[in-house]
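> So that we are looking at the same thing, I have put the structure below in structure tokens.
The values are calculated or read from the model by the stated rules, or taken from the named source; none is laboratory data. All figures in this text were calculated on a predicted structure; none of them were measured in a lab. With ideal geometry, Cβ positions are generated from the backbone for all residues, glycine too; neighbour counts draw on all protein chains shown. Remember, those area values only see protein heavy atoms, side chains included, never the ligands or the DNA or RNA. Shrake-Rupley method; radii C 1.70, N 1.55, O 1.52, S 1.80 Å.
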Amino acid sequence: MADPITQVSGRAYPWGAKNIDTDIIIPAHWLKTTTRDGLGKGAFETVRAVEGNVFDDPRYAGGPVLIAGDNFGCGSSREHAAWALADLGIRAVIAPSFSDIFSGNAFKNGIVPVVLSQAAVDRLVEAAQDGEVTVDLETMTVTTSYQDRFDFALDPFRRDCLMQGLDEIGLTLAQDTAISKFESADAEHRPWISGRARHEGVAV
Amino acid sequence: MASRPLTLYEKIWADHVVERRDDGTCLIYIDRHLVHEVTSPQAFAGLKAAGRRVRRPDLTLAVPDHNLPTSPRVDAAGRASPIADPESAKQLAALRQNVADFGVPYIDALAAEQGIVHVVGPEQGFTLPGTTLVCGDSHTSAHGALGALAFGIGTSEVEHVLATQTLLLKQSKTMEIRVDGSLGFGVSPKDVVLAIIGRIGAAGGTGYVVEYTGEVIRAMSVEGRLTVSNMSIEGGARAGLVAPDETTFAYLKGRPMAPDGDSWGKAVAYWRTLPSDPAAAYDAVVKLDATDIAPSLTWGTSPEDVVPITGSVPDPDSFADPSKRVAARKSLDYMGLEPGTRMQDVAVQNVFIGSCTNSRIEDLRAAAAVASGRHVADGVRALVVPGSGLVKRQAEREGLDRVFTEAGFEWREPGCSMCLAMNPDKVPPGERCASTSNRNFVGRQGPGARTHLLSPAMAAAAAVTGRLADVRDLMGRDLVGASDG
Ligand code: SF4
């Protein structure tokens, strides 16, 4: 599990691009890895192939914040997208909306998905050109070096997990009794779920 | 006790809540977990590192698909062909090792039942109505066609399910997508789902679980419904369900992993209680009239960029939304298309018939009906990749393989193949592909590849004409219905 986070602060990539799918974040040929590390090299490969792209601009290089457009992280469910961002050093992504799957993956890898209005995102893209951006989980605000201040919301449980660096699997395993109870009640209610038959021959 | 009318989704949800927290987050029990080689190695590694076991191997099924080459799996002497790409080989070996270490049921690359996870699940009867089903793959939404609450998850969630057989989730909003009327000549389930995504947009379903209803969906076979549910995620919805009915039960009966004997009767009785109550309300409702749906395809790099085959490449300036104008310009630049060009004048160099969207037997029959007695146009490479070994065998029994090979198509081994170009099947840079898959993203079918999504019959029509073509011009009227199963 990721380290606890209370604040992400520094330079931000003022990108603002919409509908960034996970194929763009990390192309499929990078998915042949069996570990979580080292994917930063492949992050935004097709974007970075273009001269003058935001990721290779020395002003923002290594910044912990990415500012993007609507529907960030749509497409494939690959968690490699979150690993690639984390490997690149990104700890918060700010966008008007995120795909459901990406947003879940981001939380689990210590990346804060911050939803702000399009107007706020437009303003941040401007402010980030030469200022810093701070995402604060204590006050639930995004601020800039220019006195901008935007409030955002996070699911309280997920916020706790981020701030305390909690291991979700460990937390759930502590509910073992409840899970076992569910399983035995369900075995009465829907006995065919675990009693999976296996016999030969099947028509397509 | 009189209870509030519920939707199919709400009923399945209610039957899987292990625990509810004050903030509304629920611990949801997972009945079925499909595992493949790409999104599982880090999850198994996590379990090993923490000394954890797989809680319910009996509810889990692993099968390799994404990386496998579609060239012959065994040589003339019956020996397994080595995998040339070392990274693919390593990932496939990791899956074999992990299933052995954790006792997870596994369909090997050489087994007749091997195929794309989303084809194998329904085909084996692993996918059942009323179950919660997950897989580390966004097109898990496909299984919703059988009335399962099925959705894609990330690798951390794969690990969570392996360890606990549960997931922490918040209930989604519900959206009904109703398609009434009846499908016109040459219009297939793929055209229906493309029309839906064209209507709601690529993010239209974000935050929702969709339920597909209406006469058109009811009249579809399970295979057609799988095509529709498969692409729910392309409209932003994690899951897209179809209420189970007699069509579903008939499809499942006798499948190897489906209930049998006494269990079958009990299961069917339960499944009959699942359809949404007549008075149940959805948070959003979208209605389409089937008579408005023509054979369709995409022109851009988002699945929402849909146009009927009789249409033309749109002018970016025609979009009201300024950001859509920018996106359309970029798309057309990438796709190498000029506004106003008739779709039917666009030449293709590649045709891919396959993927978990359209690689089942009905898809192959629809494509073969068009290919039969014709020949792939000069300069076109056309691949047919069955969704599973069982689909392949069935097609061979019906002689479809000969129809395809005599027409100049390649007949390959099952897998994801050119859908995402992780194996050697790639569209060369700058070339155009008529593809039955589900994503036309930049670089999806290989760096620089230009993808047009369409139905199997339309893909076959493109193969034999060498351009994007209206399949209706190639179909005898006696073929009505051949592709709208
Ligand atoms: S066929 Fe394509 S969409 Fe389906 S599981 Fe394979 S890669 Fe994913």
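> Among the residues of the range B:159-169, is there at least one that is within 26 Å of B:Leu364 (Cα to Cα), more than 16 Å from the ligand (Cβ to nearest atom) and buried (at least 24 other Cβ atoms within 10 Å of the Cβ)? Before the answer, list the steps.
Quick first cut of the range B:159-169, residues within 26 Å of B:Leu364 (Cα to Cα) only: none.
Within the range B:159-169 (the criterion being within 26 Å of B:Leu364 (Cα to Cα), more than 16 Å from the ligand (Cβ to nearest atom) and buried (at least 24 other Cβ atoms within 10 Å of the Cβ)), the answer is no, since none of the residues qualifies.
> Given (1) open to solvent by 30 Å² or more (accessible area, probe 1.4 Å); (2) in a helix (DSSP H, G or I), where does A:Cys161 come up short, assuming only one miss?
(1)
> Also, I was wondering about something else. Does the range B:151-171 hold any residues that are more than 8 Å from every other protein chain (Cβ to nearest Cβ) and among the polar types (S, T, N, Q), and which are they?
Of everything in the range B:151-171, just one residue is more than 8 Å from every other protein chain (Cβ to nearest Cβ) and among the polar types (S, T, N, Q), namely B:Gln171.
Yes or no, residue by residue, for (1) within 16 Å of the ligand (Cβ to nearest atom); (2) open to solvent by less than 10 Å² (accessible area, probe 1.4 Å):
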residue: B:Ala395; (1), (2): no, yes
residue: B:Gly408; (1), (2): no, no
residue: B:Glu431; (1), (2): no, no
residue: B:Ser435; (1), (2): yes, yes
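> Using beta carbons and a limit of 8 Å, which pairs, at least six apart or on different chains, have the first residue in the range B:240-254 and farther than 14 Å from B:Arg218 by Cβ and the second one open to solvent by 30 Å² or more (accessible area, probe 1.4 Å)?
Going by the 8 Å Cβ cut-off, the qualifying pairs are B:Lys253/B:Trp264; B:Gly254/A:Val202; B:Gly254/A:Ala203; B:Gly254/B:Asp260.
> Of the residues A:Thr134, A:Thr139, which is in contact with a strand residue (DSSP E or B) (Cβ under 9 Å, 6 or more places away or on another chain) and without any contact (Cβ under 8 Å) to a residue 12 or more places away in the chain?
Numbers: A:Thr134 fails: without any contact (Cβ under 8 Å) to a residue 12 or more places away in the chain.
Among A:Thr134, A:Thr139, only A:Thr139 is in contact with a strand residue (DSSP E or B) (Cβ under 9 Å, 6 or more places away or on another chain) and without any contact (Cβ under 8 Å) to a residue 12 or more places away in the chain.
> Right, next: Only one of these conditions is not met by B:Arg412: (1) within 14 Å of the ligand (Cβ to nearest atom); (2) within 14 Å of chain A (Cβ to nearest Cβ); (3) touching an Asp or Glu at 6+ places or on another chain (Cβ under 9 Å); (4) charged (D, E, K, R). Which number is it?
(2)
> Let me ask something additional. With in contact with a strand residue (DSSP E or B) (Cβ under 7 Å, 6 or more places away or on another chain), free of Cβ contacts under 8 Å to residues at least 40 places away in the same chain, within 16 Å of the ligand (Cβ to nearest atom) and not charged (D, E, K, R) as the only criterion, which of B:Val427, B:Val384 stands out? Full working, then the answer.
Details: B:Val427 fails: free of Cβ contacts under 8 Å to residues at least 40 places away in the same chain.
Every option except B:Val384 fails the conditions.
> Criterion first (over 21 Å from B:Gly387 (Cα atoms), within 12 Å of chain A (Cβ to nearest Cβ) and without any contact (Cβ under 8 Å) to a residue 12 or more places away in the chain) does B:Ala93 satisfy it? Outline the logic, then answer.
On the way: over 21 Å from B:Gly387 (Cα atoms): yes; within 12 Å of chain A (Cβ to nearest Cβ): yes; without any contact (Cβ under 8 Å) to a residue 12 or more places away in the chain: yes.
The answer is yes for B:Ala93.
> Select the strands (runs of 3 or more DSSP E) contained entirely in the range A:55-124, then report the ones holding at least 1 residues which are within 9 Å of the chain's Cα centre (by Cα) and at positive phi. Before you say what the answer is, go through the steps one by one.
Working: elements: A:65-67, A:92-95, A:112-115.
In the range A:55-124, there are no strands (runs of 3 or more DSSP E) which contain 1 or more residues that are within 9 Å of the chain's Cα centre (by Cα) and at positive phi.
> Step by step: first the residues of the range B:4-25, then only those that are outside any loop (DSSP other than H, G, I, E, B) and in contact (Cβ under 8 Å) with a residue 40 or more places away in the chain, then the one that is nearest to the other protein chains (Cβ to nearest Cβ). Which residue is that? Please lay out each step first, then the result.
Here is the first cut: in the range B:4-25, the ones outside any loop (DSSP other than H, G, I, E, B) are B:8-14, B:17-20.
With the extra rule that they be in contact (Cβ under 8 Å) with a residue 40 or more places away in the chain, the set shrinks to B:8-13, B:18.
Working: B:Leu8: 16, B:Tyr9: 15, B:Glu10: 17, B:Lys11: 13, B:Ile12: 11, B:Trp13: 14, B:Val18: 4 Å.
The selected residue is B:Val18.
> Would you say B:Glu413 is closer than 19 Å to B:Arg73 by Cβ and buried (at least 18 other Cβ atoms within 10 Å of the Cβ)?
On the way: closer than 19 Å to B:Arg73 by Cβ: yes; buried (at least 18 other Cβ atoms within 10 Å of the Cβ): yes.
Answer is yes for this residue.
> Right, B:Thr310: among the hydroxyl-bearing types (Ser, Thr, Tyr) and either under 22 Å from B:Thr436 (Cα atoms) or crowded, with 18+ Cβ neighbours inside 10 Å (or both) or not?
Details: among the hydroxyl-bearing types (Ser, Thr, Tyr): yes; either under 22 Å from B:Thr436 (Cα atoms) or crowded, with 18+ Cβ neighbours inside 10 Å (or both): yes.
It is true that B:Thr310 is among the hydroxyl-bearing types (Ser, Thr, Tyr) and either under 22 Å from B:Thr436 (Cα atoms) or crowded, with 18+ Cβ neighbours inside 10 Å (or both).
> Please verify whether the range B:440-457 includes one or more residues that are closer than 16 Å to B:Ser188 by Cβ, part of a helix (DSSP H, G or I) and modelled with pLDDT of 95 or more. Quick ask: steps written out before the conclusion?
Going through the range B:440-457, the residues closer than 16 Å to B:Ser188 by Cβ turn out to be B:452-457.
Next, only the ones that are part of a helix (DSSP H, G or I) stay: B:456-457.
Okay, now just the ones that are also modelled with pLDDT of 95 or more, so B:456-457.
Within the range B:440-457 (the criterion being closer than 16 Å to B:Ser188 by Cβ, part of a helix (DSSP H, G or I) and modelled with pLDDT of 95 or more), the answer is yes, since at least one residue qualifies.
> Looking only at residues in the range A:29-54 that are within 18 Å of the chain's Cα centre (by Cα) and aliphatic (A, V, I, L, M), which one is nearest to B:Ala94 (Cα to Cα)?
A:Leu31
> Here is a further query. Considering every residue within the range B:465-474, establish whether at least one is open to solvent by 10 Å² or more (accessible area, probe 1.4 Å), assigned to a strand (DSSP E or B), more than 16 Å from the ligand (Cβ to nearest atom) and more than 10 Å from chain A (Cβ to nearest Cβ).
Within the range B:465-474, one or more residues are open to solvent by 10 Å² or more (accessible area, probe 1.4 Å), assigned to a strand (DSSP E or B), more than 16 Å from the ligand (Cβ to nearest atom) and more than 10 Å from chain A (Cβ to nearest Cβ).
> Pick from the range B:340-362 the residues that are part of a loop (DSSP other than H, G, I, E, B) and among the polar types (S, T, N, Q): which of them is surrounded by the fewest Cβ atoms within 10 Å (Cβ to Cβ)?
The initial filter retains those residues of the range B:340-362 that are part of a loop (DSSP other than H, G, I, E, B), namely B:340-341, B:346, B:348-349, B:354-360.
When the remaining residues are screened for being among the polar types (S, T, N, Q), the result is B:341, B:349, B:355, B:357-359.
Details: B:Thr341: 13, B:Gln349: 18, B:Ser355: 28, B:Thr357: 32, B:Asn358: 33, B:Ser359: 31.
Ranking the qualifying residues of the range B:340-362, first place goes to B:Thr341.
> Still on this structure, please answer the following. Which condition number does B:Gly115 fail, the rest of (1) farther than 12 Å from B:His36 by Cα; (2) among the small types (Gly, Ala, Ser); (3) open to solvent by less than 20 Å² (accessible area, probe 1.4 Å) being met?
(1)
> Moving on to the next point. Name every residue in the range A:30-46 that is surrounded by fewer than 16 Cβ atoms within 10 Å (Cβ to Cβ) and of a type in the set (Asp, Glu), in order of residue number.
A:Asp37
> Of the numbered conditions (1) open to solvent by 10 Å² or more (accessible area, probe 1.4 Å); (2) of a type in the set (S, T, N, Q); (3) touching a Ser or Thr at 6+ places or on another chain (Cβ under 6 Å), B:Thr174 satisfies every one except a single condition; which is it?
So the condition that B:Thr174 fails would be (1).
> A further question follows. Quick one: how many residues across the range A:61-74 are open to solvent by less than 10 Å² (accessible area, probe 1.4 Å) and facing chain B (nearest Cβ under 8 Å)? Working first, answer last.
Looking only at the range A:61-74, we keep the residues that are open to solvent by less than 10 Å² (accessible area, probe 1.4 Å), and these are A:63, A:65-69, A:71-73.
Checking which are facing chain B (nearest Cβ under 8 Å) leaves us with A:69, A:71.
Matching residues across the range A:61-74 total 2.
> Please indicate, with yes or no, whether at least one residue in the range B:385-392 is away from chain A (no Cβ under 14 Å), of a type in the set (A, V, I, L, M) and surrounded by fewer than 24 Cβ atoms within 10 Å (Cβ to Cβ).
Within the range B:385-392, none of the residues are away from chain A (no Cβ under 14 Å), of a type in the set (A, V, I, L, M) and surrounded by fewer than 24 Cβ atoms within 10 Å (Cβ to Cβ).
> I would also like to ask the following. So which residues in the range B:96-150 are in a helix (DSSP H, G or I), more than 12 Å from every other protein chain (Cβ to nearest Cβ), more than 16 Å from the ligand (Cβ to nearest atom) and touching a helix residue (DSSP H, G or I) at 6+ places or on another chain (Cβ under 8 Å)?
B:Asp101, B:Phe102, B:Leu146
> Moving on to the next point. So B:Thr131 clears everything in (1) at pLDDT 95 or above; (2) under 17 Å from the mean Cα position of the chain (by Cα); (3) not aromatic (Phe, Trp, Tyr) except one condition, right? Which one?
Of everything listed in (1) at pLDDT 95 or above; (2) under 17 Å from the mean Cα position of the chain (by Cα); (3) not aromatic (Phe, Trp, Tyr), B:Thr131 misses just condition (2).
> Among the residues of the range B:21-29, is there at least one that is away from the ligand (no atom under 16 Å from the Cβ) and either open to solvent by 60 Å² or more (accessible area, probe 1.4 Å) or under 13 Å from B:Phe102 (Cβ atoms) (or both)? Spell out how you get there, then give the answer.
Applying the first criterion (away from the ligand (no atom under 16 Å from the Cβ)) to the range B:21-29 yields B:21-29.
With either open to solvent by 60 Å² or more (accessible area, probe 1.4 Å) or under 13 Å from B:Phe102 (Cβ atoms) (or both) added as a condition, the list becomes B:21-22.
Yes, the range B:21-29 has at least one match.
> On to the next question. Could you say which residue among B:Pro86, B:Pro41 is open to solvent by 40 Å² or more (accessible area, probe 1.4 Å) and either under 14 Å from B:Leu162 (Cα atoms) or modelled with pLDDT under 95 (or both)? Walk me through how you get there before you give the answer.
On the way: B:Pro41 fails: open to solvent by 40 Å² or more (accessible area, probe 1.4 Å).
So the residue among B:Pro86, B:Pro41 that is open to solvent by 40 Å² or more (accessible area, probe 1.4 Å) and either under 14 Å from B:Leu162 (Cα atoms) or modelled with pLDDT under 95 (or both) is B:Pro86.
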